[in-house]
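Report on one structure; see the data block that follows.
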Amino acid sequence: MPYFDSHCHLPDTKPFTDVFARAKSVGIVGCVINSVRENDWQQIIDIASNNENVVGAIGIHPWYADSVSSNWLANMQSILSHHQNIILGEVGLDKTHDNFATQERVFIQSLEMAIKYNRVLNLHCVHAWDRVLNILKSYKNKLPKIVAHGFDGTTNAIGFDENLYFSCGPNISKPNYNKIKITIGELPKNKILLESDSSNLLPILTAAAGLKSLRPEITDADIYNNTMGVFFNGQITQD
Ligand SMILES: [Zn+2]
């Protein structure tokens, strides 16, 4: 069964096509490639339109919330209205950075775009689950599919909303990540995705091995089917 990376990033130096070719040679057939700044958006759109099974995500990473231009929201809206397959990401809140008020404004406006255009949202949430869940609560019953990337073991988000999914990265294989290891048992099987959170996709294999050791009853096919359900409305694509 192939792997599909639900959260990766632009390569620093190599062309994306080289990175993707290498990934395909080990069974990683597709990915969601995320922006962190407005400057990335056009490159992400081009990569997604030139590579089958690559989903492009535009957004402002919370670390860069202060860097937005005055017309970022209009630009985002224009892209979403012209590109049916572009989703939102990565966006969210991160309490380890002190621009929190700006982060909240950018996140809420991005979430409203995801709702308006019914696009999946790739969520970054670090030490901010209480605030994120509070915000999501005010949009209850309107939420699009949301993928909480880099599952950190927070249990109060599990089961919060039918449209909330959890993507596990290579951290779940690390020996000292005990909180994740304990709480990963509570994730419903149909809400789990896997990711590399890298610019070369290959660490998704480490994440898959970690999940296998913690939840041996979950197959690669289960994860692949979850992923297709989230990003392609259940339609299975094969390369
Ligand atoms: Zn990321």
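All of the numbers you see were taken from the coordinates with simple rules; none came from a lab. It should be emphasised that the depicted structure is a prediction, and the values quoted were computed from it without experimental measurement. Note that each Cβ is placed from the backbone with ideal geometry, even for glycine, and that neighbours are counted across all protein chains shown.
Annotations for the structure displayed:
- Cα point-scatterer Debye curve for the stretch 1-55, base-10 log of I(q)/I(0) at q = 0.15, 0.17, 0.26, 0.29 Å⁻¹: -0.38, -0.49, -1.12, -1.34
- Placing dummy labels 7 Å off each Cα toward the beta-carbon, the span from residue 63 to residue 140 is 3.4 nm.
- Protection proxy ranking of 94-102, 169-177 - average other beta-carbon atoms within 10 Å, highest first: 169-177, 94-102
- For the chain, lysine pairs with C-alpha atoms less than 23 angstrom apart, excluding pairs fewer than eight positions apart on the same chain, total 27.
- Taken over the chain, the convex hull of the Cα atoms encloses 119 Å³ per residue.
- When the square roots of the Cα gyration tensor eigenvalues are ordered a ≥ b ≥ c, the ratio a/c for the stretch 87-213 is 1.5 or more and a/b exceeds b/c, which makes its shape prolate.
- Placing +1 on the Cβ of every Lys and Arg and -1 on the Cβ of every Asp and Glu, with nothing else charged, gives the stretch 109-182 a dipole about its Cα centre of roughly 40 debye.
- In whole percents, the pair-distance distribution calculated for the stretch 24-127 from its alpha-carbon pairs, binned every 5 Å from zero, is 2, 14, 25, 24, 17, 10, 5, 2, 0.
- Sorting the segments 19-27, 1-9, 67-75 by their residues' average number of neighbouring beta-carbon atoms within 10 angstrom, most packed first, yields 1-9, 19-27, 67-75.
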